[in-house]
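Here's the structure we're looking at; comments come further down.
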Ligand SMILES: Nc1ncnc2c1ncn2[C@@H]1O[C@H](COP(=O)(O)OP(=O)(O)OP(=O)(O)O)[C@@H](O)[C@H]1O
Ligand SMILES: Nc1ncnc2c1ncn2[C@@H]1O[C@H](COP(=O)(O)OP(=O)(O)OP(=O)(O)O)[C@@H](O)[C@H]1O
Ligand SMILES: [Mg+2]
Ligand SMILES: [Mg+2]
């Protein structure tokens, strides 16, 4: 062991940060070693993202000191942090949708000649960079042309390329499937060998154990402790995070018994040209249909066609035996559907509105503008869901954009639960949600089904799908290719069904 | 015969009347008039002139929005052999660049108004408030200058407040309201001089609403002679106006005709009359005469 | 209840203070500013002038507030003012009844708003350009109706709208106060306000939540058209004539300014109609102050610019943050406050 | 074809179609005179619109340019009249002032977090007011250097003139295109338009870029003022009222999104030409009254926007089919 000062590449002592009276960080000490992957864990709203932002100059900490390589630093903004060799992927994909993929990767450090950007060179280098992640896309296209997952990979590639000393990843794997996660981990191990320090935030405990060397846990803005991963039991880790034990029963979901009632929703030949091939799907009362597939396989498109977000241009929908037309979200909601979209930042939250208003929005929209929910009623609803879903907020009037990512996700879920839908479509509902809440939500899904609600759930977490689905649809290249039931529904079975596609990734 | 006419725009009733009269005059003579409205912008007028030249019209009429900046385009017209006649305002380019200018004398108009006021109030002390036209426009500058010249040497006449009313009724009324408040409910004011009739008509409303009698308690003199001021005059609410005739095109066409037929060079400036109208001129009759001219 | 009004008061405090400061400035320049007397059964004085002359801006600002809340903007209001004034004048001159005339003018305004709303919400044209079309063409339409002249009328009931008196107050004042109150109540007592804000902040997410974004956008522009129509009636009635050339000229800029001075964000979302109305009064108080001050007109614009900048600097989200001011003077220094995500 | 360039191609296509239609009706419009005029008459507008393009690309707006053009013109005229300075010195002074003016507006917008619309609206009042204070009269400029500059033109076959200012505009556009697409500053401008917060997290210096953008717009407005003073040989406080709206319209017709982040400097050039074409067409027609002129401009504007939408929609559905 080398002496202390040599050992740590990044050291932060007693970092504090207040937001309008409420303390987000309270005297946090944090030290990152050379050549280590350091997992930063904690519940939603524990302060992980805030700590990252303080370290990289995105926020100005109220107090505390920082040192990089033993020398005291004080990054004034992210630009300076970058030039110090700290590369970061922030929690929400923070890239510019209007710039090309290559420009996103190279902004601020484009290859230049005679004061001009060498675009061709930049594009070639971007392609090479992304190839390491198994991504073969046209880097000249605007980033917004690609799915969240691709954007996530671009963000990672950019940060890795930027980081000379420290790489920080804030929930980078939230929207990636297993294959991409494996690729990412390969790269992380690689740069770890090069002597960089890596901070890694995630809510997937398997990933923590797969990659990290040490773990730091935060709770309510306070440091709970730092441990060697190898010597920390999973159960103890959860207890550190939650401040209580999580019962085995909730952690490991019991087999779900399909209690299929009578078929309620029937999608016949529904599809949309160029986006999703026509498919048939019946959903019974109390049933959970899981949708599995690789990124870009057409799961979101399926959901959008069902909900009328991008209305289907063929096929028909029957509800309780009657043919209905679903041409817009408004009509879908009127027919008892709900849809929790995957990209919470652009499709989910109404940033400046309060948590309360965000929660009641869909219900209010369904009732129409002329029948406003009374204030007391709104408060009651909001409070109910804040409690039920354990949304961490300073109160229901806090603008939702100021909540932590996971808590935003819960509020959006609450918005739909408040409408008491008969069929709820969830696109990656547990993205960014902590272990405790994760278990809660899975339990909630089961309860809802028991009460007769039908669900269609899209998730990249296959274990999770297995845990609560009655049936699982497998998608490939914008087509529904298989349906797994009962005994077929094992993680291995699903991966096999998906893997049949491997090699010819959907690029339409 | 094709004549291109670049009009400033249609910012007031007077200008609408000028356009109407020009079209009527052209029709009377069987001339094909190409009309271009410049929306108050000199650059549009220059563009219009260039287009006229490109089209190869026989002559160009232009009512220039501002005096400066015409040398180039007038030079181009000259090169192309197209005579240019200025209506209603002149330019400060070389006189060889245009055939003639048919205009009134803006300074003179103000002067006539000033003289009338001086003659009317005689030796009595008189505080004048002035409603200026759009700040920076040549009628506003010249009519102010002319009026000041007209009352020069009469120490009893004093302009106590002067503010722009943008040549519009609404602003005329609003500004007059503030003058009245600021000058002891209007009791300090003896006369109003407005750079155009529209502002005067608006101001008359304000004076009435303040409980004073326009035309008696406060004398009202203005310029343009649009029909509505004659109505006010007939009602005793306005006292005098100086006419700016909308018929600039008539004399211009005559000059053009003579020039094209007999190569007769017209004088460089054809000045229109700046006639003073007062209540003694049978305002209702003038009103009837002017009503149909498109004011 | 108390808390709710307390919040409202706090939200409007900067505007109220600004208005007071501007009024105090006026009094300094012109000591009789607050003198009010009763003349012919009507209150008379500079303050009344401010309320009265501010009517068109105030009315237009009501509609503009909602349009801006949806992340839009309506440049055509000035033109709609001209059109509706011209329509009303033409209608009375043609001998139609006052009821017919008013209905026609107001419907015209709503129709103009419908056109804007259609371009914005159905054809998805950017609001600034969509309304630019009517801004340019609209004044032409108004001139077409009046043939470029000032169309004068003598119908007393129409004139009453502009220069009549009710409760000792000029009619325009009564109209804008009442109309502002009605719209505020409708918007706040129903869910409309919330839905409009949601659309303005995140149109796509709102739509996915079942909000009828198209209809709401349409409604906002139609309200803006209606407001402009009422303003058009007032402007025409005030001078007993429809001046298609000048009625409502540059009114859109004043209205937008009023909305912003009223503390509303041009980026859409949260809005306050009362704030905008206060903003309109602040602007009118400045205008009236400039007129009574007696400075030469060449200085009007400079004075206005300086006052507006001062007001906005004071109301800026960064005020109290002395660091920002220092930073403005010598850029490069950091401010010890977090930026928001 | 890359999606990105679709709006640009749509605009160019529309321009070509529209020009062809005009020629079908007025064969005279196919002359070098008309083409030369299109460039010369719109030179000042085009130059200012390049600045406006950058501002709009960054998600801002600059309402002050019309007033700044007028102010620069008056300032130049006053300085040339009252001092013995050479026009080139005067130009440099004028450009320095207009650039500084823009930079200060940019600083206020950024550091005080005030909306660009309002800051530049105040700037518009201020610049116009300052020109009034300098002189309410229109001041002619008769310096021989102006004559020299104006004598630089190329007489095209057919009688049209390719003037100094017309070429200057094209050069400014060329420079604008290079700056937008080939410099870091250009990428930063687009980045700001895509989201200032995000751009900041990605390491773009938002403060510096904002100040630079408005300074550039101020600089180009000043240059446009110089061109306008060459064009009219005068300085006049009431000149170029409402030019900001023309410039915004040109930028938007050229396919740039007002929300920022997407668009092209080259598109603005086409936008300017389209507007010039509308005006030329109306003058050639010559039968429209003042009001029909306004209505026609509005309708043609609308038609162009619709056609653009249509072409975009068509090509999108074709690709996804
Ligand atoms: N700009 C802000 N203003 C006010 N409060 C904030 C702001 N940003 C974060 N917070 C609050 O600070 C706390 C910590 O948030 P943070 O985003 O760091 O949580 P996190 O640990 O990253 O959670 P998650 O796992 O959900 O991402 C939360 O309660 C959040 O509401
Ligand atoms: N790995 C990839 N490589 C190239 N293009 C991709 C990739 N992943 C997604 N895309 C593109 O993004 C588009 C949108 O994908 P989308 O996210 O809607 O699919 P999905 O099946 O819902 O996936 P998920 O929900 O897992 O993100 C796809 O149609 C595809 O064109
Ligand atoms: Mg977080
Ligand atoms: Mg998806």
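Look at the stretch A:144-164: where a residue is within 14 Å of chain D (Cβ to nearest Cβ), no partner that is assigned to a helix (DSSP H, G or I) and within 16 Å of ligand 3 (Cβ to nearest atom) sits 6+ places away or on another chain with Cβ atoms under 7 Å. Can we say residue C:216 is under 19 Å from residue A:367 (Cα atoms) and touching a strand residue (DSSP E or B) at 6+ places or on another chain (Cβ under 8 Å)? In short, no.
Here is a yes/no grid of residues against (1) more than 19 Å from the chain's Cα centre (by Cα); (2) at pLDDT below 95; (3) assigned to a loop (DSSP other than H, G, I, E, B):
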{"position": "D:84", "(1), (2), (3)": "yes, yes, yes"}
{"position": "D:90", "(1), (2), (3)": "yes, no, no"}
{"position": "D:95", "(1), (2), (3)": "no, no, no"}
{"position": "D:98", "(1), (2), (3)": "no, no, no"}
{"position": "D:102", "(1), (2), (3)": "no, no, no"}
{"position": "D:110", "(1), (2), (3)": "yes, yes, no"}
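The residues of the stretch A:118-135 that are touching a residue at least 24 places away in the same chain (Cβ under 8 Å) and surrounded by fewer than 17 Cβ atoms within 10 Å (Cβ to Cβ), listed by number, are A:132, A:134. Scanning the stretch B:163-184 for residues that are at pLDDT 90 or above, in contact with a strand residue (DSSP E or B) (Cβ under 8 Å, 6 or more places away or on another chain) and more than 7 Å from every other protein chain (Cβ to nearest Cβ) yields B:165, B:171, B:172, B:176, B:179. State which residue is nearest to the chain's Cα centre (by Cα) when the search covers only the stretch A:400-431 and only residues that are more than 11 Å from residue A:344 (Cα to Cα) and within 16 Å of ligand 2 (Cβ to nearest atom). Ranking the candidates gives A:430 first. If the condition is being more than 24 Å from residue A:437 (Cβ to Cβ) and out of contact with any strand residue (DSSP E or B) (no Cβ under 7 Å at 6 or more places or on another chain), then the stretch A:185-230 contributes A:185, A:186, A:187, A:189, A:190, A:193, A:194, A:195, A:230. Scanning the stretch C:137-151 for residues that are at the interface with another protein chain (Cβ under 7 Å from one of its Cβ atoms) and at pLDDT 90 or above, we see that the one that is nearest to the chain's Cα centre (by Cα) is C:139. One residue stands out among those in the stretch D:106-152 that are more than 10 Å from every other protein chain (Cβ to nearest Cβ) and buried (at least 20 other Cβ atoms within 10 Å of the Cβ): the one that is nearest to residue B:136 (Cα to Cα), which is D:120.
For the stretch B:1-32, a tally of residues being within 14 Å of chain C (Cβ to nearest Cβ) and either part of a loop (DSSP other than H, G, I, E, B) or touching a strand residue (DSSP E or B) at 6+ places or on another chain (Cβ under 8 Å) (or both) returns 13. In a residue-by-residue description of the stretch A:120-137, the property of being within 12 Å of another protein chain (Cβ to nearest Cβ), touching a strand residue (DSSP E or B) at 6+ places or on another chain (Cβ under 6 Å) and at negative phi applies to no position.
Taken over the stretch B:51-80, the criterion of being away from every other protein chain (no Cβ under 12 Å) and without any contact (Cβ under 8 Å) to a residue 60 or more places away in the chain is satisfied by B:62, B:77, B:78.
Applying the selection to the stretch B:230-255, what residues are closer than 13 Å to residue B:22 by Cβ and within 19 Å of the chain's Cα centre (by Cα)? Hits for the stretch B:230-255 are B:245, B:246, B:247, B:248, B:249, B:250, B:251, B:252.
Yes/no per residue for (1) at the interface with chain C (Cβ under 8 Å from one of its Cβ atoms); (2) at pLDDT below 90:
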residue: A:337; (1), (2): no, no
residue: A:341; (1), (2): yes, no
residue: A:346; (1), (2): yes, yes
residue: A:355; (1), (2): no, no
residue: A:360; (1), (2): no, no
residue: A:364; (1), (2): yes, no
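Among the conditions (1) buried (at least 24 other Cβ atoms within 10 Å of the Cβ); (2) within 13 Å of ligand 3 (Cβ to nearest atom); (3) under 16 Å from residue A:357 (Cα atoms), residue A:402 misses just one, which is (1). Please determine whether any residue of the stretch A:478-498 is within 14 Å of chain C (Cβ to nearest Cβ), within 16 Å of ligand 2 (Cβ to nearest atom), in contact (Cβ under 8 Å) with a residue 12 or more places away in the chain and more than 30 Å from residue A:217 (Cα to Cα). Scanning the stretch A:478-498 turns up no residue that is within 14 Å of chain C (Cβ to nearest Cβ), within 16 Å of ligand 2 (Cβ to nearest atom), in contact (Cβ under 8 Å) with a residue 12 or more places away in the chain and more than 30 Å from residue A:217 (Cα to Cα). With a requirement of 2 or more residues that are farther than 20 Å from residue A:229 by Cα and within 16 Å of ligand 3 (Cβ to nearest atom), the helices (runs of 4 or more DSSP H) lying completely within the stretch A:1-87 that satisfy it span A:48-55. Considering (1) under 13 Å from the mean Cα position of the chain (by Cα); (2) within 14 Å of chain B (Cβ to nearest Cβ), the lone condition that residue C:49 does not fulfil carries the number (1).
Residues checked against (1) at pLDDT below 90; (2) over 22 Å from residue B:167 (Cα atoms); (3) surrounded by fewer than 22 Cβ atoms within 10 Å (Cβ to Cβ); (4) touching a strand residue (DSSP E or B) at 6+ places or on another chain (Cβ under 8 Å):
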site: B:85; (1), (2), (3), (4): no, yes, no, yes
site: B:105; (1), (2), (3), (4): no, no, yes, yes
site: B:109; (1), (2), (3), (4): no, no, no, yes
site: B:127; (1), (2), (3), (4): no, no, yes, yes
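Of A:308, A:374, all but one fail to be out of contact with any helix residue (DSSP H, G or I) (no Cβ under 7 Å at 6 or more places or on another chain) and more than 23 Å from residue A:49 (Cβ to Cβ); the exception is A:374.
Of the set (1) touching a strand residue (DSSP E or B) at 6+ places or on another chain (Cβ under 7 Å); (2) within 16 Å of ligand 2 (Cβ to nearest atom), all apply to residue A:41 but (2).
The values are calculated or read from the model by the stated rules, or taken from the named source; none is laboratory data. It should be emphasised that the depicted structure is a prediction, and the values quoted were computed from it without experimental measurement. In this analysis, Cβ positions are derived from the backbone assuming ideal geometry, glycine residues included, and neighbour counts consider all displayed protein chains.
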